[in-house]
Every structure is written in structure tokens, then in C-alpha cells.
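The values are calculated or read from the model by the stated rules, or taken from the named source; none is laboratory data. Bear in mind that the values here come from a model prediction, so they are computed numbers and not experimental data. Neighbour counts run over all protein chains shown; Cβ positions are idealised from the backbone, glycine included. Side chains included, ligands, DNA and RNA excluded: accessible areas come from the protein's heavy atoms. Shrake-Rupley method; radii C 1.70, N 1.55, O 1.52, S 1.80 Å.
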Amino acid sequence: MGRAVPDQGGRGPCAKKEQQATKARMDQRTRERLPVLPVLQRIAAERRKSMAALLEGARNAPPGQAFECGDDVFRRPAPGTDKQHAMVWAEHAATGLRRNLTREERDSFWAWAAIEVLSRTGIRVEELLELTHQAITSYRLPSTGELVPLLQIVPSKTDSERLLLVDPELADVLSTIICRIRMPDGTVPLVPAYDSYELTWTPPMGLLFQRTVAGQNRAFTAAGIREVIKQTLEATGLTDATGDPLHFTPHDFRRIFVTDAIINGLPPHIAQVICGHKKIDTTMGYKATYPTEAIEAHRAFIARRRAARPSEEYRTPTDEEWDAFLAQFEKRKVSVGTCARAFNTPCIHEHACVRCSLLRPDPAQRHRLIEIRDNLEARIIEAKREGWLGEVEGLRVSLAGAKDKITQIDQTLAHQAEAVELGMPQFADLAGRSITTARTQT
Ligand code: SF4
């Protein structure tokens, strides 16, 4: 009888068991954190705004005087008692706690920025730290001239670059970051960063994740990102299954991104490309669901796709087909906005665009929707008066649709009012001078 061979060198049944236990632990982390991500995002955004308001209030208050912010009362220290004159401090009137508002505002901003970028892109923390203002690029659709913003992820763990689509929310976050780090002359400061994989310092670059420490612009480190996220998490009061405070590492956002994308129907091989994984096994290892669920969802997706798309379409498109594809963007234009139905599919809602969820209303056509709404209200009154009760129900549905589109436009306009014009990026040398200017002078 031979004896069982013990595990050697990390291979064998013990290593496999360890791997499975790690995967189960990571899946549990993701399952716990995925539902609370919106809470974390909301609190990070609220904390950034309230800290900015508190700092602004303190700056406007005369030294030694009290000022209010929300329900709290603070007092600026008397002249000459600020620990560092570059920092703004305030004392909470009720508790007497002295707070460094400059640092708290700075950290709350970068926590919000890191949480937003990590959760909306699924990039690694080292890729986040390497993002520069030049990583934001765009592609112009040849037919409509529409600009599609893209984010270029430079190699970190792998050698292959990749491009991610920038949605409007992510574009807002990136523009807010650039506005914050820009110098008065509009240039983005160039800072060196330490590459923990190569164990070298990189040349100075216009990194997006940089902050001012003791009057100097310095690149963020992974530890710095973890620290500011931890501070925001403490403000949320979220707890895990055992009742302990919930922790998020930057990699948790990546696992959540993959899980959420695949659960919502993104094919795993597309998620693999977006995440920059060489093997699909790695992507699926990130997804916190059971294999049976993944296999069934994938098979259902393939079945749906094959039913909708005949096999002859799995080939290189002809020039005519490509032109037809590009032309679809022009054909989507309707009087009150843009139709978002899939390419080469007919309208199945009898062109009742005001009632259709696929309509993306155009803010420029708001007046037209107001006219439609007023007209519908008048027709409902008329129908009731004349006893055409069969029409009233349908008119009410259309009225609700028109009101909904007007609300969507108002929300978009309110959102756009907060957006900022970025202009063209410029370069600065280490002394902070604009390189363009320096060249002109020589
Ligand atoms: S009804 Fe809907 S699907 Fe049809 S054209 Fe209008 S927006 Fe597009």
C-alpha cells in the first residue's frame, strides 16, 4: 500500500483547495460590495461637495470669527494660530475639535475621483495612477461628425494598450479632475511617479492623479488612493456581514465592474478585452457568480445572438454594408431627438416617439415638446367634454411620455450647466512654465 503523497512546492490538491478557497472569499467580497457601491458613490459625491462648501465658508470667515455651514457652527482660529499658513483650519464650536479643512477637502475630492474612475472603468490601480491628460482622446464618426470620447489605458501589467469608451458621467469626472489640477496658465503640471513594477522613477508626466503636498505637486501612490477611499468609507458607516466596517480595495472596484458587466449581458470575451486580460479564465475568475449561472447566461446569449443574426453575417462587411452602417446614425434623427433602436431594425412602436423609451430627447427641441404637452392637455379636456372617453386613456399615456421627455431634457441641461470647457491641453516644464510660451520667447 502506497502512502498519500504530500503537497510539494505549491502544486497538487492542497494548492487547488487553497485557490478555490481564495476564489470563494473574493466572490463573497464582491457579492457584499456590489449592492452598496451606489451608496458609496453617492456619499463620496456628497462629501466632496460639503467639504468644498465648508472650506469656502472658512476662507470667507474673518480669523477668530464663527461661521455656519449646514447645521454646524465653526470658528476660524485667531490670527497667527494656524499651524501652517497655507492650510485653512477651523474649530467645531460644539466639540472643540480642530480640523484641517484644506486637507480634508483635498482628500474627499480625490476619494470621489478615484471611486468614480475605478468603478466606471474597471481599470487597475496602477493604470489609474498612470492616467495622463493625454489619455483622453476621441474618434469622430465620419458620417455625422459626432465625437466619441475614448480613454487610452497605457500598459502596466500587460504590454498591450487598450481604449475604453468614455460615457458622459466619466467624461464629467475626468474634466473635473483636469480643472482641479490645472495651473492658472491652463497647463497641467508634469510630475514624476515611482513605478513599483519596474522599480524606477518615470519621466515627469501630466498625471491626472496628483495632489499638492507641502506646496509641491506629487503623484499619487496606490497607498494614497487606498487611504482616501478608506476615509470616505468610514464616513459611510457601511458594515460587512460580521458587522465590521466595510473595506474597499481598488481591486474590489475591478471585480465589481466585471461582475456587474457580465450579469447585465456583456459577453465575457468583450469584458476580457475591456479589462485587458490575456485569458478569459482571468476575467471569469473575477466574476462573482456560480459557473452554472455563467454557462447558462452565456449559452442563452449565444442562442439569442444566433437567432437574431444569421451565420452569413459573421464575415468582413462589404463597403456598401459599412456605408449603410454609418448612415444609420443620420437616419436616427427624429423631430424631437434621436432614436436609439438597434442598427437595421424597424420601429416597432409605430413611430410614437413621444411615448417611446428609445427616444433620446434633444434639448434644442424642448419648445416642441412643450407644444406637444400643451396640445395633449387641451385634447384631453376636449375629449372629456365631448364624451370621447375611448381617447382619454391613450392621450394620457402620450402626455405622461411628453412630460417624461421634458424632465429628461431639464435634467440633462442642469447637468450640462455644471460641465466645464477644457480647451486644448498644454505642456509645462518642471518649473511650471508653458513649453509653448518658452519656445516662442527663445
Ligand atoms: S417610436 Fe421609438 S423606436 Fe420608433 S422611431 Fe420613435 S424613438 Fe425610434
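Key figures
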| item | result |
| --- | --- |
| The lone exception for residue 145 - which of (1) more than 13 Å from residue 207 (Cβ to Cβ); (2) in contact (Cβ under 8 Å) with a residue 12 or more places away in the chain it fails | (2) |
| Criterion (over 16 Å from the mean Cα position of the chain (by Cα) and among the basic types (Lys, Arg)) met by exactly one of 226, 254 | 226 |
| Criterion violated by residue 232 - all others in (1) without any contact (Cβ under 8 Å) to a residue 12 or more places away in the chain; (2) farther than 16 Å from residue 32 by Cβ satisfied | (1) |
| Residue within segment 375-386 that is within 15 Å of the ligand (Cβ to nearest atom), open to solvent by less than 50 Å² (accessible area, probe 1.4 Å), modelled with pLDDT of 85 or more and on the phi < 0 side of the Ramachandran plot present | no |
| Pair list, Cβ < 8 Å and 6+ apart or interchain, from segment 203-215 residues that are closer than 23 Å to residue 86 by Cα to residues that are at pLDDT below 90 and acidic (Asp, Glu) | none |
| Search result, residues across segment 353-374 that are away from the ligand (no atom under 14 Å from the Cβ), farther than 13 Å from residue 403 by Cα and touching a residue at least 12 places away in the same chain (Cβ under 8 Å) | 363 |
| Single condition residue 30 does not satisfy, out of (1) open to solvent by less than 40 Å² (accessible area, probe 1.4 Å); (2) of a type in the set (Val, Ile, Thr); (3) under 17 Å from the mean Cα position of the chain (by Cα) | (3) |
| Selected residue (only one of 256, 229, 178 is within 20 Å of residue 106 (Cα to Cα) and open to solvent by less than 10 Å² (accessible area, probe 1.4 Å)) | 229 |
| Any pair with Cβ under 6 angstrom, 6 or more apart, that starts in segment 328-352 at a residue that is near the ligand (Cβ under 10 Å from one of its atoms) and ends at one that is open to solvent by less than 60 Å² (accessible area, probe 1.4 Å) and assigned to a strand (DSSP E or B) | 332/338; 332/339; 336/361; 337/359; 337/361 |
| Enumeration of residues in segment 179-195 that are aliphatic (A, V, I, L, M) and assigned to a loop (DSSP other than H, G, I, E, B) | 183, 188, 190, 193 |
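Condition check ((1) modelled with pLDDT under 90; (2) assigned by TED's automatic domain parsing to the domain that holds residue 128) across all residues:
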| site | (1), (2) |
| --- | --- |
| 192 | no, yes |
| 204 | no, yes |
| 209 | no, yes |
| 212 | yes, yes |
| 216 | yes, yes |
| 224 | no, yes |
| 227 | no, yes |
| 242 | yes, no |
